[in-house]
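Student: I'd like to ask you about the structure that follows.
The values are calculated or read from the model by the stated rules, or taken from the named source; none is laboratory data. All of these numbers come straight from a predicted model, not from anything done at the bench. As a convention, Cβ positions derive from the backbone with ideal geometry for all residues, glycine included, and neighbour counts pool all protein chains shown. Heads up: the accessible areas ignore ligands, DNA and RNA and are worked out on the full protein's heavy atoms, side chains in. Shrake-Rupley method; radii C 1.70, N 1.55, O 1.52, S 1.80 Å.
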Amino acid sequence: MTSSSPSIVDLVREHRLDADLAALLWALAQHRVAVHVVPNAGAPLAKAVRELAAEPALVTDGPGSAIEEVLRQPVPLRPPTGAVVVTDIDGRVASAHLIRPPLRDGAGHVRPQPPGVLAARLEAEDRLEHFAWGVMPEIAADLGILGGELDAEVADRTSFLAALAATGPADPEATRSALRAWHRHAGRSH
């Protein structure tokens, strides 16, 4: 990763996303959940999340300008499950969704599930409205952890990112060092 690429903290400072969504994407990427960012204006976000991921190959980007377009893409071009983040032409998050795995009903039929909304931009207020609370228990169950543990982890990451964005170092490498240091600390405590 070159130092000219923005970190997740830089993107929070630039209001491309907020600390809440940044923390959730960071947690998902650390737990090896696929994160897919569309379209090309979102490339800095994909790079920033990839830098924090346990498996960087699970953080991808590709075509599409809405969740419906992403879901029409074949699975090799998008993940079968995980988070999909749609950005606008300025690279700001327009919406974020959770692609859920299909379910098998009582008769054994496979039924697709609709995506869950994680966040959506309210243009009139120029902010993200968060809906991840509706799928956090599902995400935690898929990860094999308690919902409260995931909520606490995301809250810790949110506080850390918000503090770094507000008062942290402006130097990109110093910011990356702070993120790596927190990551090492969090690995011992979570």
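Student: Considering (1) open to solvent by less than 60 Å² (accessible area, probe 1.4 Å); (2) more than 18 Å from Trp26 (Cβ to Cβ), say which one His130 fails and leave the rest.
Tutor: Every condition holds for His130 apart from (2).
Student: Which members of segment 105-164 meet the condition of being under 16 Å from the mean Cα position of the chain (by Cα) and assigned to a loop (DSSP other than H, G, I, E, B)?
Tutor: Pro115, Phe131, Val135 - these are the residues of segment 105-164 that are under 16 Å from the mean Cα position of the chain (by Cα) and assigned to a loop (DSSP other than H, G, I, E, B).
Student: So how many residues does segment 20-46 have that are open to solvent by 40 Å² or more (accessible area, probe 1.4 Å) and either touching a His at 6+ places or on another chain (Cβ under 9 Å) or modelled with pLDDT of 95 or more (or both)?
Tutor: Going through segment 20-46 one residue at a time, the tally reaches 3.
Student: Being of a type in the set (Val, Ile, Thr) and either without any contact (Cβ under 8 Å) to a residue 12 or more places away in the chain or surrounded by 18 or more Cβ atoms within 10 Å (Cβ to Cβ) (or both) is the filter here, so list the residues in segment 61-102 that pass it. Before you say what the answer is, go through the steps one by one.
Tutor: Taking segment 61-102 as the starting set, the residues that turn out to be of a type in the set (Val, Ile, Thr) are 67, 70, 75, 81, 84-87, 89, 93, 99.
Result: Ile67, Val70, Val75, Val84, Val85, Val86, Thr87, Val93, Ile99.
Student: Determine which member of the set Arg184, Arg121, Arg157 is at pLDDT below 95 and either of a type outside the set (Phe, Trp, Tyr) or open to solvent by 50 Å² or more (accessible area, probe 1.4 Å) (or both). So that I can check it myself, show each step before the final result.
Tutor: Details: Arg121 fails: at pLDDT below 95; Arg157 fails: at pLDDT below 95.
Sole residue among the options that is at pLDDT below 95 and either of a type outside the set (Phe, Trp, Tyr) or open to solvent by 50 Å² or more (accessible area, probe 1.4 Å) (or both): Arg184.
Student: Can you find a residue in segment 122-130 that is among the basic types (Lys, Arg) and in contact (Cβ under 8 Å) with a residue 40 or more places away in the chain?
Tutor: Within segment 122-130, one or more residues are among the basic types (Lys, Arg) and in contact (Cβ under 8 Å) with a residue 40 or more places away in the chain.
Student: Could you please find all residues in segment 143-154 being open to solvent by 50 Å² or more (accessible area, probe 1.4 Å) and touching a residue at least 24 places away in the same chain (Cβ under 8 Å)?
Tutor: Glu149
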